[in-house]
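**Student:** Structure provided below as structure tokens; questions to follow.
The values are calculated or read from the model by the stated rules, or taken from the named source; none is laboratory data. Every value quoted in this text rests on a predicted model; they were computed, and no experiment measured them. Note: ideal-geometry Cβ built from the backbone for every residue, glycine included; neighbour counts use all protein chains shown. Ligands, DNA and RNA are excluded from the accessible area calculation, which covers all protein heavy atoms including side chains. Shrake-Rupley method; radii C 1.70, N 1.55, O 1.52, S 1.80 Å.
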Amino acid sequence: MTKKRTFAGIQMGTILALIIMCVVLSLANRNFYSYDNVMGIFKQTAFNAFLSVGMLLCLITAGIDLSVGANAVFTACLMGAMNKAGVSSGLLMMLVALIAGGAFGFINGVLLTRLHLPHPFVSTLGMKNVLWGLALVVTGSQMVSGFPDSVQWLGRTTIQGFPVSFIMVLIVYVIMHIFLSRTALGRSIYCAGGNIEASRLSGINTANVLTFCYTLSGVMAAIAGIVSVGRSGISNGANATQPYDTDAIAACVIGGASFTGGKGTMVGTMIGCLIITVLRNGFSLLSIQSSIQNIVLGLVIILAVLMDVLRANMEAKRRRLASAK
Amino acid sequence: MSSKETSTAVAKPRLKSGQQRLFALIALIAIYVIFAAFGNRFFTYRTFMNILEQSYYIGFLAVGVTFIIITGGIDLSLGTVMMCSAMVGLVSFGAGVPFVLALIITLLVGVLFGVLNGVLVSYLKLPAFIATMGSMMIALGLSAIVSKVQTRHFPSRTAEVGSWFQNVFRSVNMDGTVIPTGAFWLVGLIVIAVIVLNKTRIGRYTFAVGSNEEAVRLSGVAVEKWKLIPYIIAGFCTGMAGIMYGATYTTIIPQTGQGEELNAIAAVVIGGTSLSGGIGSITGTVIGVFIMSVLQVGLMSMNVQPHYQKVLTGIIVIMAVFIDIRQHKKR
């Protein structure tokens with residue numbers, strides 16, 4: 001694994017970028033480093049951080065899941081529909097949301113592995129539309145509020161101002177880090193992304209591994225949906241058009257994940273998530289409108305991917321030179 | 001993308017593509033008959049006109065993106081760029097630019113986005129869907145900025161300036177009989193696109209790049225250039241779609257257009273164009289466009305909420321891709 005060194009290099013770069021952004025924003029606006037705002041950044045990060053977990057897994061396998069944002073909105077709306085229908089148990093709502101999110105993730109995985117759709121981005125884009133429509137159907141395109149406290153707990157509660165949702169994020173990230181780097185299944189996810197045929201021939205059931213990734217992505221989207229309900233107190237099907245997926249992709253790619261698969265770490269993704277939130281937070285502090293935020297994020301994604309492509313090209317060139325010697 | 005797979009299939013794609021086109025045509029007729037039987041006043045001249053008008057902008061989007069998909073790429077920015085270009089045109093019209101010039105600006109914005117996508121994909125070698133997703137966000141932001149998040153309207157038939165607009169691009173009422181002038185534009189586009197795709201160097205290289213990019217490169221062709229051109233064609237068509245959309249619906253809302261690209265992509269894939277590249281036809285796409293618009297109008301006539309249509313479009317895309325894959329396997 002000679003790649004380890006470049007991994008560390010990328011992460012140093014992204015950490016540096018994060019620090020520079022924070023310093024610049026602190027100088028530009030006094031409110032930035034206030035306790036409330038920093039806690040607000042953590043709170044904002046939680047939603048995207050959960051989506052990014054699933055996105056990262058799919059990116060590592062050289063796939064993508066464009067339905068995560070719509071899945072989160074759908075699960076939130078599903079809970080809203082249950083709330084409207086008179087279900088009072090918050091636990092039941094969350095359980096149904098997690099199962100539904102996981103089920104749609106599972107369908108994505110099955111479409112990819114069992115029906116052999118080779119373009120996860122088209123099938124998950126289709127799924128995005130399906131979930132977007134379903135989110136509006138189950139709520140009758142109305143906003144729902146008045147959720148039970150147990151549902152809102154995760155997204156709303158803070159300990160001395162520190163959001164519980166972000167503590168949850170940290171726990172999940174630590175578990176996922178250990179899972180990805182220390183367990184057999186975690187390693188086989190990287191293998192499947194590096195060379196799927198080789199890992200299949202070496203006895204890894206790649207179809208199951210991929211299905212697992214997409215299912216977990218759905219479950220994570222459902223958790224993000226629960227967080228969003230707690231944070232805003234409402235579920236709104238119209239949110240499905242928000243660029244949640246692109247935020248998650250940007251976080252992963254900034255954190256060192258590659259579209260060609262086999263790369264990406266939880267630590268890098270965490271930094272990527274923080275960069276995205278700091279960017280958005282800084283923009284609103286400097287009262288720059290959200291439309292410009294979208295443009296900048298679009299450019300950030302393109303740039304991050306461009307760097308990834310250039311990196312891959314250079315690596316290929318180096319390898320060619322090395323083999324020529 | 002998976003150019004290795006398609007390179008061997010290129011020997012007899014005509015037949016396969018033809019089969020799927022026939023299948024799609026039968027499906028179109030079947031859907032039409034079903035709606036005529038069960039829909040509420042579906043089988044009328046008015047509904048037929050509705051279907052036709054619905055097809056104008058999807059048609060332009062789909063024909064343009066057919067070129068891209070044949071090269072093995074994709075464009076997710078279609079819908080938002082369409083709205084954005086129409087919006088930029090409208091805002092410049094509002095700022096005092098002559099109306100004809102505003103329409104040309106609309107076209108130009110579409111072309112510029114096409115150039116942006118094309119350069120990112122061909123010269124900078126970004127994955128097509130991520131590059132176009134980035135430009136989708138840029139288009140979303142741009143339309144909001146230029147319009148200051150306010151809805152704008154294209155001139156209607158009674159407007160002081162540009163009252164000819166709807167007559168030229170939608171339909172004209174001649175002594176009671178409605179003549180769908182928009183259809184002439186669509187037919188014109190189809191004829192030109194068929195010629196370009198089948199009879200010119202652009203078309204030949206579009207297919208060649210899609211079926212085996214490496215082989216084309218090794219035979220000394222500037223692949224980058226021939227990969228860029230389809231994106232520019234699609235950009236032009238998208239700008240044109242913005243004009244057609246404006247003529248049909250007149251109202252342009254900023255930051256909308258998401259989901260339209262899926263309608264167009266669905267139409268293309270239904271028509272037998274393979275997402276793996278190298279296989280496809282304009283006639284198939286046109287059939288796909290009409291399937292999509294018949295479905296939309298038909299479901300509306302049965303009072304189905306638009307949300308269900310979103311679900312259905314998603315399912316159609318997944319199914320169409322599934323069929324596409326199955327066909328490749330049979331070989």
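**Student:** For residue A:207, what is the net charge nearby, where nearby means another residue's Cβ is under 11 Å from its Cβ and Lys, Arg count +1, Asp, Glu -1?
**Tutor:** On the way: positive: A:114, A:200; negative: none.
Neighbour charge sum, excluding residue A:207 itself: +2.
**Student:** Follow-up. Show me, bin by bin at 10 Å from 0, the whole-percent P(r) of segment B:171-213 based on Cα pairs.
**Tutor:** Binned Cα distances yield the sequence 26, 29, 20, 15, 8, 1.
**Student:** Roughly how many Å² is the accessible area per residue of segment A:226-268, as a whole number, for a 1.4 Å probe?
**Tutor:** Here the per-residue accessible area is 24 Å².
**Student:** Related question: Calculate the tail of P(r) for segment B:153-194: the fraction of all Cα-Cα distances greater than 17 Å, expressed in %.
**Tutor:** 41
**Student:** Which ³J(HN,Hα) values in Hz, rounded to whole numbers, follow from the phi angles of segment B:195-209 under the Karplus curve 6.51 cos²θ - 1.76 cosθ + 1.60, where θ = phi - 60° and Gly and Pro get x?
**Tutor:** Listing the rounded values in order: 5, 4, 6, 9, 10, 10, 5, 3, x, 4, 6, 4, 5, 5, 4 Hz.
**Student:** Rounded, prolate or oblate: pick one for segment B:234-276, where a ≥ b ≥ c are the square roots of the eigenvalues of its C-alpha gyration tensor, a/c under 1.5 means rounded, and failing that, prolate if a/b is larger than b/c, else oblate. Walk me through the intermediate numbers first.
**Tutor:** Working: a/c = 2.48, a/b = 1.99, b/c = 1.24.
It comes out prolate by the Cα gyration axes.
**Student:** How many square angstrom of accessible surface are buried between B and A, both sides summed, with a 1.4 Å probe and rounding to 100?
**Tutor:** Roughly 3600 Å² of accessible surface disappears when B and A pair.
**Student:** What is the set of long-range amide H partners of residue A:158 at a cut-off below 5 Å, with H atoms built 1.01 Å from backbone N?
**Tutor:** A:164
**Student:** Per residue, what volume in Å³ does the Cα convex hull of segment B:19-326 take up?
**Tutor:** That works out to 132 Å³ per residue.
**Student:** Under the Karplus relation 6.51 cos²θ - 1.76 cosθ + 1.60, θ = phi - 60°, what is the ordered set of whole-Hz ³J(HN,Hα) values for segment A:216-225, x standing for Gly and Pro?
**Tutor:** With the stated coefficients, segment A:216-225 comes to 4, 4, x, 5, 4, 4, 5, 4, 4, x Hz.
**Student:** Amide H neighbours of residue B:152 under 5 Å, counting only residues 5+ apart in sequence or on other chains, H built in-plane at 1.01 Å?
**Tutor:** Amide H to amide H, under 5 Å and 5 or more residues apart or across chains, residue B:152 pairs with B:252.
**Student:** Carbon-plus-sulfur fraction of the accessible area of segment A:51-202, 1.4 Å probe, in percent?
**Tutor:** 69
**Student:** Can you give me the Cα centroid spacing of segment A:258-325 and segment A:180-229 in angstrom?
**Tutor:** With segment A:258-325 and segment A:180-229 each reduced to a Cα centre, they are spaced 22 Å.
**Student:** Count the lysine pairs in segment B:19-326 whose Cα atoms sit under 23 Å apart, keeping only pairs 8 or more residues apart in sequence or on different chains.
**Tutor:** The number of close lysine pairs in segment B:19-326 is 4.
**Student:** If r is the Cβ-Cβ distance from residue A:182 to residue A:260 and R0 is 22 Å, what FRET efficiency results, to the nearest 0.05?
**Tutor:** Values: r = 24 Å, r/R0 = 1.10.
The formula returns an efficiency of 0.35 here.
**Student:** On the protein heavy atoms, probe 1.4 angstrom, tell me the percent of accessible surface of segment B:187-331 carried by carbon and sulfur.
**Tutor:** Carbon and sulfur atoms account for 66 percent of the accessible area of segment B:187-331.
**Student:** Accessible area of residue B:38, 1.4 Å probe, to the nearest 10 Å²?
**Tutor:** 150
**Student:** Could I ask something else about it? Taking 10 °C and 1.306 mPa s as the conditions, I'd like the Stokes-Einstein D for chain A in µm²/s, using the Kirkwood hydrodynamic radius from alpha carbon pairs.
**Tutor:** 79
**Student:** Going from most exposed to least, what order do A:116, B:307 have by accessible area with a 1.4 Å probe?
**Tutor:** Correct descending sequence by accessible area is A:116, B:307.
**Student:** Can you give the accessible area of residue B:164 in Å² (nearest 10), computed on protein heavy atoms with a 1.4 Å probe?
**Tutor:** In the full protein context, residue B:164 sits at about 100 Å².
**Student:** Give, ordered by residue number, each residue of segment B:257-283 whose 1.4 Å probe accessible area is reduced by a minimum of 50 Å² on adding the remaining protein chains to the chain alone.
**Tutor:** B:258, B:262
**Student:** How much length is gained on full extension from residue B:167 to residue B:214, taking 0.36 nm per residue of separation minus their Cα-Cα distance?
**Tutor:** Taking residue B:167 through residue B:214 to full extension adds about 12.1 nm, to one decimal.
**Student:** In Å², what does the accessible area per residue of chain B work out to with a 1.4 Å probe? Write out the running numbers ahead of the final one.
**Tutor:** Working: 13530 Å² over 331 residues.
Using a 1.4 Å probe on heavy atoms only, each residue of chain B averages 41 Å².
**Student:** Moving on. When the dipole is taken about the Cα centre of chain B, and only Lys, Arg (+1) and Asp, Glu (-1) are charged at their Cβ, what size is it in debye, to the nearest 20? Present the calculation step by step, with values, prior to reporting the outcome.
**Tutor:** Numbers: 23 positive and 11 negative charges, 169 e Å.
With only Lys, Arg, Asp and Glu charged at Cβ, the dipole is about 820 debye.
**Student:** Order the following by accessible area, largest value first: A:128, A:43, B:199. Probe radius 1.4 Å; ligands, DNA and RNA are ignored.
**Tutor:** Numbers: A:128 30, A:43 55, B:199 155 Å².
These residues rank, largest area first, as B:199, A:43, A:128.
**Student:** Give me the residues in segment A:108-144 whose solvent-accessible area, probe 1.4 Å, is reduced by at least 50 Å² once all protein chains are included instead of the chain isolated.
**Tutor:** A:117, A:119, A:121, A:122, A:125, A:129, A:130, A:132, A:137
**Student:** Another one. How large is ³J(HN,Hα) for each residue in segment B:218-223, as worked out from phi by the Karplus curve 6.51 cos²θ - 1.76 cosθ + 1.60 (θ = phi - 60°), to whole Hz, x for Gly and Pro?
**Tutor:** Along segment B:218-223, the couplings run 5, 8, x, 9, 6, 4 Hz.
**Student:** Convex hull volume of the Cα atoms in the protein assembly as shown, per residue, in Å³?
**Tutor:** Roughly 169 Å³ of hull volume per residue.
**Student:** Just how many pairs of Lys in chain A have C-alpha atoms closer than 30 Å, counting pairs that are eight or more places apart or on different chains?
**Tutor:** Lysine pairs meeting the criterion: 14.
**Student:** Given H placed on each backbone N at 1.01 Å, which residues far from residue A:144 in sequence or on other chains put an amide H within less than 5 Å of it?
**Tutor:** Under 5 Å from the amide H of residue A:144 lie the amide H atoms of A:235, each far enough along the sequence or on another chain.
**Student:** Going by Cα centres, segment B:196-224 and segment B:40-70 are how many Å apart?
**Tutor:** Cα centres, segment B:196-224 to segment B:40-70: 29 Å.
**Student:** Let me ask something additional. How much accessible area does residue B:326 have with a 1.4 Å probe, in Å² rounded to the nearest 10?
**Tutor:** 130
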